[in-house]
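Before any comments, here is the structure.
Here, each number is a calculation from the coordinates, and none is a lab measurement. Here the structure is a predicted model, which is why all the values come from computation and not from measurement.
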Amino acid sequence: MKNRNKLGDRQQGCIEPVIGGKVYDYYNGVLSSEEVRGFERHLVRCHHCEKVILELDHALAVLNDEQGVDSASAGDPSSGIKAVERKAARKTKR
């Protein structure tokens, strides 16, 4: 029963909506370096924001693929996947 509640909590939404509200600014690379650090600390704990970033990366990849754009030449918005990879790396170091 506890596992079900934890999964349900993940689907509820952002754990800190004020910080999570910056997810698109983070993804688009318009946050200051201090805001990026704060958002990445948030990202370590917030599965909702992690999911949003992964969905944005997926959507961008699909759009680029449909338009025949090489992802290497398409630019790197703010590298949402890299942020999620950094999150995983931080978790494994603990």
Full-stretch length increase - Glu16, Val62 - with 0.36 nm per residue and alpha-carbon distance subtracted: 13.6 nm
Over the stretch 12-53, consider all pairs of different Cα atoms and compute the Kirkwood hydrodynamic radius from their mean reciprocal separation; express it in Å, one decimal. 10.0 Å
